[in-house]
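S.K.: Before anything else, here's the structure in question.
The values are calculated or read from the model by the stated rules, or taken from the named source; none is laboratory data. Source: prediction; values computed, not measured. Note: ideal-geometry Cβ built from the backbone for every residue, glycine included; neighbour counts use all protein chains shown. The accessibility values were calculated without ligands, DNA or RNA, using every heavy atom of the protein model including side chains. Shrake-Rupley method; radii C 1.70, N 1.55, O 1.52, S 1.80 Å.
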Amino acid sequence: RKWPTVSIILSYTVCACAYAVNNQLAMFLLTHMGTGMLQLGKSACPMLTALSMWVFYADERFHRIQGLCFFILTMGLIVLFSPDLSGDSNHIEPLALAWLILSVFITALTSVYNSRVLQKGKCSMHMQNMCLYSQGFVVNMLLYLTGLNASGGTPSGSFFEGYNNAFVVAVLFSQSFMGIVMSAVYKYGDAIIKCLASSVQACILLILDSWLFGYSLSITS
């Protein structure tokens, strides 16, 4: 089996750091808006992803039908987040909106970068996954121990606190599985396909938010 080169390892160091920061932003945003609103905000990722691929890589071009999808998504987001149309229950604080925009940019750029590294890397997808997630573990552990995290403080309890909850274990397994699936999508598809699929996920989450957590579901959303 071919081992990853130094350039691939360093590429995944960049990805690991970016993903760690983005995860902390996601934790902060989830305390200031529903999961459906968060995912709908991130529906701008396909447009930014496509533009990033167009700018940075000459051999990456999106199709006309994909461009139409990006336009529809963008128009929907303008309506959704307009302060005149979205009700008070769906109002988003300016700081949360700023972090959401930053998170969207990080998501788009890391999607393109990760997809490119996976497709051009000479070693196997599983070896590249090990490079990414092992470094991701180290970076997130450092953020946890230093207090540079969404909770804004140093750890007060055990690292494994809450692991006796079945829902926590279910989230861990589902996220692990999704990481493997997304790597396959990046390698055999592209970053745009992944981002368009996330937009469908946003619609499902918006309905679940209304049903499970009482967030208002308006005609606008």
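S.K.: Checking L48 against (1) open to solvent by less than 10 Å² (accessible area, probe 1.4 Å); (2) modelled with pLDDT under 85; (3) of a type outside the set (V, I, T); (4) within 24 Å of S183 (Cα to Cα), which single condition isn't satisfied?
M.R.: (1)
S.K.: Take the residues of the range 75-85 that are within 17 Å of P46 (Cα to Cα) and exposed (fewer than 14 other Cβ atoms within 10 Å of the Cβ): which is modelled with the highest pLDDT?
M.R.: M75
S.K.: A further question on this structure: Quick check on my filter: what residues within the range 174-184 are closer than 21 Å to L40 by Cβ and surrounded by fewer than 16 Cβ atoms within 10 Å (Cβ to Cβ)? Before the answer, list the steps.
M.R.: Quick first cut of the range 174-184, residues closer than 21 Å to L40 by Cβ only: 174-175, 178, 182.
Selection gives S174, Q175, M178.
S.K.: Looking at (1) free of Cβ contacts under 8 Å to residues at least 60 places away in the same chain; (2) surrounded by 14 or more Cβ atoms within 10 Å (Cβ to Cβ); (3) not aliphatic (A, V, I, L, M), which one does F160 not meet, given that it meets all the others?
M.R.: Going through the list (1) free of Cβ contacts under 8 Å to residues at least 60 places away in the same chain; (2) surrounded by 14 or more Cβ atoms within 10 Å (Cβ to Cβ); (3) not aliphatic (A, V, I, L, M), F160 breaks only (2).
S.K.: Sticking with this structure for a sec: Looking only at the range 1-42, how many residues end up being among the hydrophobic types (A, V, I, L, M, F, W, C), in a loop (DSSP other than H, G, I, E, B) and surrounded by fewer than 17 Cβ atoms within 10 Å (Cβ to Cβ)? Don't jump to the end; show me each part of the working.
M.R.: Pass one, the range 1-42, residues among the hydrophobic types (A, V, I, L, M, F, W, C): 3, 6, 8-10, 14-18, 20-21, 25-30, 33, 37-38, 40.
Subset that is in a loop (DSSP other than H, G, I, E, B): 3, 33.
Filter once more, so that each one left must be surrounded by fewer than 17 Cβ atoms within 10 Å (Cβ to Cβ): 3.
So the count comes out to 1.
S.K.: Ok, one more. For a quick check of your reading of the model, give me the residue pairs whose first member lies in the range 117-141 and is within 10 Å of Y12 (Cβ to Cβ) and open to solvent by 30 Å² or more (accessible area, probe 1.4 Å), whose second is in a helix (DSSP H, G or I) and at pLDDT 90 or above, with beta-carbon atoms closer than 6 Å and at least 6 apart or on different chains.
M.R.: That search, which allows pairs on different chains as well, returns Q135/Y12; Q135/T13; Q135/A16.
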